[in-house]
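Peer 1: My questions all concern the structure below.
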Ligand code: NAP
């Protein structure tokens, strides 16, 4: 129930209508409210979609302070621009170069990036030794940056980035030079993919290829996919369709498939914990999304 004491959380972006974050965070808030024996100790929050234009970001953040907003998620196009408006930025967000979670402190707004934690959580569940492993990352946009940092945190020693534009690939490579990543990072054009797949322990699709409504597309063609190692992990950041054609092809080659839904859930769970200070009901968050997306629960 929303009352006069309910505290505000939200997600800023533009467009924001398709964000799934309100679904999972409000489901989590309701679950904790229902579990609370004493209503006064319950979790009294609501999570709202907040459409903010790039030109209005500064005034919006000042307004959030005025209305006592507790914290918020940040999505496109504000993930980089928000950084200059924060009084503190976590080291992981600095390396990624983007913030997706912000909370209010006595000294101002603090920010971090929970996409890295979200990305690695389902991989850690597989209990593998990631030292001396090779990751192949398809695409080099915003999400790929969190994936690079995640692979480094896991312990991968070699990362191959695959893209279709030489200049953009070089710019991506250059952007890591100051961060002294403990990993060797190489860039490649798409033609080299079959050779790279045969070496990969982990292959991550960070491109939107195969995303609804283009469900018949895959970033890797069926012939090239034959090069993937048995028991390699194929990870698609896309969560609709579920599974994508890329993951179906990988499974046919006896690879292990991970879809993007769990990353979405886990980055949200990490943000929820920061704002509310309680263990998030991760099952409820996952089920609410699966139900909303019409997936089996
Ligand atoms: P982005 O910044 O726009 O980057 C997209 C990347 O994909 C770019 O490198 C782009 O290369 C490449 N690409 C686009 N179309 C391509 C094509 N037809 N063939 C080959 N490469 C292509 O997007 P993003 O924010 O990183 O997001 C990427 C995907 O990850 C989206 O599907 C998004 O929904 C998903 N995502 C999921 C989660 C999650 O929690 N599961 C979180 C974040 C993102 P060019 O520059 O050459 O176009």
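Derivation of every value follows stated rules applied to the coordinates shown; laboratory data play no part. What you see is a predicted model; the values in this text were computed from it and never measured.
Peer 1: Roughly what % antiparallel, to the nearest 5, for the DSSP beta bridges in the chain?
Peer 2: 20
Peer 1: In addition: Please list the equivalent ellipsoid semi-axes of the chain, computed as the square roots of five times the alpha-carbon gyration tensor eigenvalues, in descending order and whole angstrom.
Peer 2: Numbers: eigenvalues 233, 99, 57 Å².
Result for the chain: semi-axes of 34, 22, 17 Å.
Peer 1: So, one more: Restricting things to alpha carbons, tell me how big segment 186-291 is in terms of Rg and Dmax, in Å.
Peer 2: Taking only Cα atoms of segment 186-291, I get Rg and Dmax of 15.8, 48 Å.
Peer 1: Given the convex hull of the Cα atoms of segment 117-258, what is a quarter of its surface area in nm²?
Peer 2: For segment 117-258, the mean projected area of the Cα convex hull comes to 7.8 nm².
Peer 1: Further question: Binned at 10 Å from 0, what are the whole-percent values of the Cα-Cα distance distribution for segment 56-113, short to long?
Peer 2: It works out to 25, 61, 14, 0, in whole percents.
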